[in-house]
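Trainee: Structure provided below as C-alpha cells; questions to follow.
The values are calculated or read from the model by the stated rules, or taken from the named source; none is laboratory data. All figures in this text were calculated on a predicted structure; none of them were measured in a lab. Positions of Cβ are backbone-derived with ideal geometry, glycine not excepted, and every protein chain shown enters the neighbour counts. Remember, those area values only see protein heavy atoms, side chains included, never the ligands or the DNA or RNA. Shrake-Rupley method; radii C 1.70, N 1.55, O 1.52, S 1.80 Å.
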Amino acid sequence: MLKLFDFPRAILHIDGDCFFASCEVAKNPSLRGKPVITGSERGIVSSLTYEAKARGVKRAMSLWEVKKICPDAVFLPSDYETYSLFSVRMYEIVRRYTSDVEEYSIDECFADLTGLQRPLNMSYEKIAESIKRDLDTELGMTFSIGLAPTKVLAKIGSKWKKPSGLTIMPGRNLHYFLEKLSVDKVWGIGPQTTAYLNKLGVRSALDFAQKDFDWVKSCLSKPYLEIWKELNGEVVNEVDTARKSLYQSISKTKTFTPQSSDKAFILSQLSKNVENAFIKARRYKLAAKKFFFFLKTQDFQYAGLEIKMNRQTASPNDIISLIANRFDEIFNPRQLYRATGIILTDLAEHKPSQLDIFGEVLKSDKYFKIFGSVDDMAARYGKHTLFLGTSWQAMNFRQHQGGREAKADRKSVLFKGETIRKRLAIPMLGEAW
Amino acid sequence: MYSEIMTLLGFKSKNAVFKLVGRLVDEGFLNKDNKGRLSPGSFYGAVRTLGYVEAGFPSPAEEELADTITFDEYLVGNREATYILKVRGDSMKDAGIVEGDMVIVERNITPRSGDIVIAEVDGEWTIKYFRKKGNVIFLEPANKDFQPIYPKEELKISAVVKAVVRKY
C-alpha cells in the first residue's frame with residue numbers, strides 16, 4: 001500500500017482523443033460516426049477515429065490494407081495548419097487556469113495546478129472538470145485527462161479511460177490504479193526493461209512502485225529510479241513551461257511520387273528539405289554543427305551520410321555544398337528513390353563565431369544576414385518567396401503527381417484576400433447553407 | 001495579501017495598505033471582488049502611456065490611441081472558441097448574409113431566440129435564425145422562398161454567429 005496525501009502536487013495530463021482525425025470531424029459534421037483516417041498524402045494511416053479503430057484499422061497501416069478491411073473508410077490528407085491552430089487553442093484554454101503549461105506535443109500537454117484551489121475557488125477535481133468542459137465545447141472534440149500527484153501518474157490517468165475520460169488519481173487511491181496496470185504501460189518503461197523486470201517478478205506497476213529504493217537503485221539505472229519516485233508520488237520531472245524553443249535535432253523529410261532516379265531532381269528535393277530545416281533552426285535562433293542526410297529507396301532502404309563541420313552554421317547553402325560534394329557516395333543511379341531527408345544535430349544557440357584565416361566565417365556571417373532577409377520576405381509574402389537555386393526543381397514540382405496529390409480543404413476553399421500561402425489564423429469549418 | 005504589500009512597501013500598518021489599495025481600486029488598477037479578493041485591473045495589457053515617448057513633444061495621438069482596438073479585437077470575442085465559415089446559397093439574404101460571405105462564429109454559447117446560429121442538419125452546417133416559441137424550437141431562414149426547419153429529433157446548435165465579413 002502506498003501512503004500519500006491526496007494531492008501534494010496536482011499535475012494534469014491532457015491528451016486529445018485521436019487528435020488529427022477529431023480535428024477533421026470538428027470541421028465537417030458529415031464525418032461524425034464514420035471511420036475517418038488522416039494521412040492519405042503519405043499513403044499510410046497517421047490518425048484514425050474510434051470508429052476506424054473498431055474496424056481493425058491501426059496506425060501506420062498502408063491505405064490499401066485499410067481499404068481491404070474497411071472499404072467505407074474516409075481518407076483525408078493531413079491538414080497540419082488546422083491541427084496546429086487547434087493545438088495552440090488547447091494550450092491557451094489550459095493557460096486560462098494556470099500559467100504552468102508544458103506544450104508536450106501537438107496533441108498533449110501537462111499543467112501544474114498545485115495551489116490553485118483557493119485562487120480559483122474550486123477543488124482540483126472541479127478545475128480539471130472545468131478545463132475539460134472548456135476544451136470539449138470550444139474545440140468541438142473530446143479530450144482525455146488525468147489528474148495525479150506527478151507527471152508519470154497523470155499520464156497513466158489520461159490513458160485510463162479513453163475517449164473523453166477524466167481520471168482523478170488521489171494519493172490514497174494510487175494502488176488501485178497501479179495494481180491493474182502492467183508495468184510496460186508506464187511512461188518511459190520500454191520492452192527491454194519490461195522483460196527484465198518480469199524476470200525479477202515485477203509485473204504490475206504496483207509491484208514496481210512497492211520495491212524499495214535500494215532495490216531499484218541496484219537493479220536499474222537513474223531514469224528508472226526517477227520513474228519509480230514519480231510512481232510513488234514524488235515529483236522529479238517538473239512541468240516544463242519553457243515554450244518549445246530548444247530542439248536536440250531538427251529533421252525534415254519529404255516523400256515524392258513518382259519515385260525517381262534523376263540525380264539533379266533528388267538533390268533539389270534534398271536542398272528543399274535543408275532550406276526548410278534551417279527556416280525552423282533560424283526561428284529558434286539555433287545553428288547546427290553536425291548533420292545527417294539520407295535517401296530512402298523504393299523498397300524503404302536508407303542510405304545516408306553524417307558530416308561534422310568545424311564550426312556551426314545557420315545557412316543552408318553551407319550544408320548543401322557539402323552534400324553536393326559527397327552525394328555520389330550514397331547515390332546509386334540505378335536505384336529508384338522515394339524520399340530524401342536531413343537531420344541537423346549538435347544544435348546550439350547561434351552566435352557570431354571567431355574569425356578564421358580563410359575568411360570562411362565572414363562569408364558565412366554574410367549569408368546569415370542574407371537569410372535573415374529571406375525570413376523577413378517570407379514573413380511578409382509567404383514561405384519560399386525566395387529560395388535557393390538548388391531547390392528550384394523541387395519547388396516547382398507538386399510533391400505527389402497523380403492520385404496521391406491531395407490538397408487539404410483549407411488550401412482550396414479560400415476567402416477573397418487569402419492566398420494558398422497565407423490564410424487567416426482561424427480554423428475554417430467549411431461551408432454553411 | 002495586505003501584509004505582503006505592507007512589508008513590500010515598508011508601511012507600518014495594514015490600514016495604510018488598505019487606503020492605498022482603495023485608491024488603486026478607484027483608479028481601476030485593481031479590482032476587488034465581493035469577497036474582498038484583489039485582482040489586477042486595467043493596467044495589464046498593452047496600453048501605452050504618455051511617459052514612454054522618447055523624444056520630441058509627447059503626441060496627443062498616443063494617448064487617444066490607448067482607447068482603440070484592432071479589427072481582430074473588434075470581431076473576435078473568445079479567441080479559442082472562434083471559427084469561420086463560408087456562406088453558400090441565399091437562404092439568409094434578407095438578413096444581409098449572402099453567398100460567399102465569411103461568418104465569424106463562436107462555439108460554447110447558448111443561443112437565444114433571434115440569434116443567427118450554425119446548426120448541424122443532416123451532416124451539414126446550416127446558417128439560420130434560431131427561434132424558440134414556447135417549447136417549440138426551429139430554424140428560420142431569412143428568405144421567403146425557404147421553409148423553416150423543424151427538427152425531428154434533437155437539434156444540434158454548434159455555434160452562434162458573431163459577425164459577417166465581406167471583402168470586395
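Trainee: In debye, nearest 20: dipole of the stretch A:141-225 around its Cα centre with unit charges on the Cβ of K, R (+) and D, E (-)?
Mentor: Dipole of the stretch A:141-225, to the nearest 20 debye: 220 debye.
Trainee: Please compute, for the alpha-carbon atoms of chain A, the extent along each of the three principal axes and give them in descending order in Å.
Mentor: Computed over the Cα atoms, the extents are 65, 63, 46 Å.
Trainee: Moving on to the next point. Ranking request for peptides A:303-311, A:175-183: highest mean number of other beta-carbon atoms within 10 Å first, then the rest in descending order.
Mentor: Ranking, from highest mean packing down: A:175-183, A:303-311.
Trainee: Hey, got the average number of other protein chain Cβ atoms within 10 angstrom for residues in A:139-151? Present the calculation step by step, with values, prior to reporting the outcome.
Mentor: Working: counts 5, 6, 0, 0, 0, 0, 0, 0, 0, 0, 0, 0, 0.
Mean partner-chain Cβ count within 10 Å for A:139-151: 1.
Trainee: Determine, for each peptide in B:22-31, A:275-284, the mean count of other beta carbons within 10 angstrom over its residues, then list the peptides with the highest first.
Mentor: Ranking the peptides B:22-31, A:275-284 by packing returns A:275-284, B:22-31.
Trainee: Based on the mean of other beta carbon atoms within 10 Å per residue, what is the order of B:124-131, A:72-79, most packed first?
Mentor: By packing density, highest mean first, the sequence is B:124-131, A:72-79.
Trainee: Work out the length of the dipole vector of chain A about its Cα centre, built from +1 on the beta-carbon of each Lys and Arg and -1 on the beta-carbon of each Asp and Glu, and round it to the nearest 20 debye.
Mentor: 680 debye
Trainee: From the Cα gyration tensor of the stretch B:79-165, with a ≥ b ≥ c the square roots of its eigenvalues, which class applies: rounded if a/c is under 1.5, or else prolate if a/b is larger than b/c, or else oblate?
Mentor: In terms of gyration-tensor shape, oblate.
Trainee: Please list, ordered by chain and number, the residues whose modelled amide H lies under 5 Å from the amide H of residue A:286; skip anything fewer than 5 residues away on the same chain.
Mentor: Under 5 Å from the amide H of residue A:286: A:350.
Trainee: Here's another thing I want to ask about it. How many nm is it between the label spots at residue A:215 and residue B:38, if each spot is 7 Å from the Cα in line with the beta carbon?
Mentor: Between residue A:215 and residue B:38, the label points sit 5.3 nm apart.
Trainee: Also, quick follow-up: Apply the a/c threshold of 1.5 to the C-alpha gyration tensor of the stretch A:61-192 and tell me whether it is rounded, prolate or oblate. Intermediate results must be reported in sequence, preceding the final value.
Mentor: Details: a/c = 2.24, a/b = 1.33, b/c = 1.69.
It is oblate, given that a/c is not under 1.5 and a/b is not larger than b/c.
Trainee: Sticking with this structure for a sec: When the Karplus curve 6.51 cos²θ - 1.76 cosθ + 1.60 is applied with θ = phi - 60°, which whole-Hz ³J(HN,Hα) does each residue of the stretch B:95-104 get, with x for Gly and Pro?
Mentor: Going residue by residue, I get 8, x, 10, 10, 3, x, 5, 9, 10, 9 Hz, with x marking Gly and Pro.
Trainee: Shifting gears a bit: For residue B:104, list long-range residues whose amide hydrogen, built 1.01 Å from N in the peptide plane, is under 5 Å from its own amide hydrogen.
Mentor: Here the answer is B:162, B:163, B:164, B:165, since their amide H atoms fall under 5 Å of that of residue B:104.
Trainee: Still on this structure: Pop out the ³J(HN,Hα) list for the stretch A:169-185 in order, Karplus 6.51 cos²θ - 1.76 cosθ + 1.60 with θ = phi - 60°, rounded to Hz; leave Gly and Pro as x.
Mentor: 10, x, x, 6, 9, 4, 4, 4, 6, 5, 6, 8, 9, 5, 5, 6, 7
Trainee: Show the residues, 5+ positions off or on another chain, whose built amide H is closer than 5 Å to the amide H of residue A:254.
Mentor: A:340
Trainee: Now for a separate question. Kindly work out what percent of the DSSP beta bridges joining two residues of chain A are antiparallel, to the nearest 5.
Mentor: Percent antiparallel among DSSP bridges in chain A is about 85.
Trainee: Follow-up. Let me confirm one metric for peptide B:71-78, namely the mean number of other chain beta-carbon atoms within 10 Å of its residues' beta-carbons.
Mentor: Counting other chains' Cβ atoms within 10 Å and averaging over B:71-78 gives 1.
Trainee: With a 1.4 Å probe, what is the total accessible area buried between chains B and A, in Å² rounded to the nearest 100?
Mentor: 2900 Å²
Trainee: Using a 10 Å cut-off around each Cβ of peptide B:81-94, what is the average number of partner chain Cβ atoms that fall inside?
Mentor: Per residue, the average neighbour count from other chains is 4.
Trainee: Shape of the stretch A:303-395 from its Cα gyration tensor (a ≥ b ≥ c, root eigenvalues): rounded if a/c is under 1.5, otherwise prolate when a/b > b/c, or oblate?
Mentor: Cα axes put the stretch A:303-395 in the oblate bin.
Trainee: Based on Cβ point charges of +1 for Lys and Arg and -1 for Asp and Glu, what charge dipole magnitude is obtained for the stretch B:79-165 about its Cα centre, in debye rounded to the nearest 20?
Mentor: So the magnitude is around 280 debye.
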